[in-house]
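> Following this message is one structure expressed as structure tokens.
The values are calculated or read from the model by the stated rules, or taken from the named source; none is laboratory data. These figures come from a predicted structure and were not determined experimentally. As a convention, Cβ positions derive from the backbone with ideal geometry for all residues, glycine included, and neighbour counts pool all protein chains shown.
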């Protein structure tokens with residue numbers, strides 16, 4: 001199927017649990033990955049709405065601290081019970097650590113916990129519909145993918161576990177990392193690996209041209225020129241595959257990457273789509289990038305976002 005130089009396996013996986021059906025899907029996926037890769041699994045639940053402590057008023061602070069401790073105890077017991085029902089394991093399982101934290105921003109709290117735990121992968125569930133008509137996600141899943149210090153798996157119920165793994169690349173700096181991690185997943189699942197690159201051409205070009213901005217006529221692209229661009233893109237992707245020591249089926253897509261990658265995942269019955277987002281910190285980490293955001297929101301399968 002696929003051969004590659006395998007990157008190191010994750011040593012610690014953190015999965016978010018909010019008791020929703022989507023988090024149950026995420027927990028099952030994270031548990032399976034932890035068993036497969038010999039990683040330690042952490043189950044994270046964020047308690048929201050816990051107020052600030054008032055250190056100047058000791059009697060009030062004492063009551064608040066006792067209240068927080070009681071909430072965390074009850075929340076931990078609830079998470080352990082839920083985990084037992086979903087995974088069939090008890091709180092005594094040495095390979096699973098349950099962590100209940102408090103915070104007003106669930107995504108940021110999960111990201112901070114991932115940083116403190118030195119997690120190499122965070123797994124989150126995705127709410128909402130599937131396909132191109134999925135409404136704007138705007139959820140914890142997307143926010144975690146934006147702010148986490150490590151790779152993030154946005155997990156969805158698999159429609160085809162033996163479907164291919166798709167590596168969505170832009171032939172920039174993250175390409176090798178995306179290809180290697182996608183190849184590792186394809187090899188572990190014993191499925192086909194597809195390396196996809198979208199030319200990002202407008203889908204509304206007609207043979208005789210377009211009426212462009214401000215009434216300026218824009219001629220249609222020369223078919224030979226388009227063929228040359230496609231050939232150059234395929235050659236560049238083959239070079240990238242060789243450099244990453246990965247073998248894969250090449251797909252050059254014509255049209256907007258934000259749409260064509262989702263369509264490819266749907267038509268191929270993909271089990272996983274792997275893409276990259278550049279690592280940013282602080283205020284500068286504002287967006288994932290249009291392609292990664294679109295894939296997370298609309299893909300019919302799980303999405304692995306590689307932090308580069």
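> Looking only at the stretch 248-260, how many residues end up being touching a helix residue (DSSP H, G or I) at 6+ places or on another chain (Cβ under 7 Å) and closer than 16 Å to residue 233 by Cα?
If we filter the stretch 248-260 for residues that are touching a helix residue (DSSP H, G or I) at 6+ places or on another chain (Cβ under 7 Å), which is where we start, we get 248, 250-253, 257-258.
From what is left, the residues that are closer than 16 Å to residue 233 by Cα are 248, 250-253, 257.
Summing the residues that are touching a helix residue (DSSP H, G or I) at 6+ places or on another chain (Cβ under 7 Å) and closer than 16 Å to residue 233 by Cα in the stretch 248-260 gives 6.
> Do any strands (runs of 3 or more DSSP E) lying entirely in the stretch 85-167 carry at least 2 residues that are surrounded by 14 or more Cβ atoms within 10 Å (Cβ to Cβ) and modelled with pLDDT under 90, and which ones are they? It would help to see each step written out before you state the result.
Details: elements: 96-102, 121-125, 151-155.
It comes to 96-102.
> Which fully enclosed helices (runs of 4 or more DSSP H) of the stretch 212-308 have 2 or more residues being more than 17 Å from the chain's Cα centre (by Cα) and either more than 22 Å from residue 177 (Cβ to Cβ) or modelled with pLDDT under 85 (or both)?
Numbers: elements: 223-244, 257-268, 290-298.
Here the list reads 223-244, 257-268.
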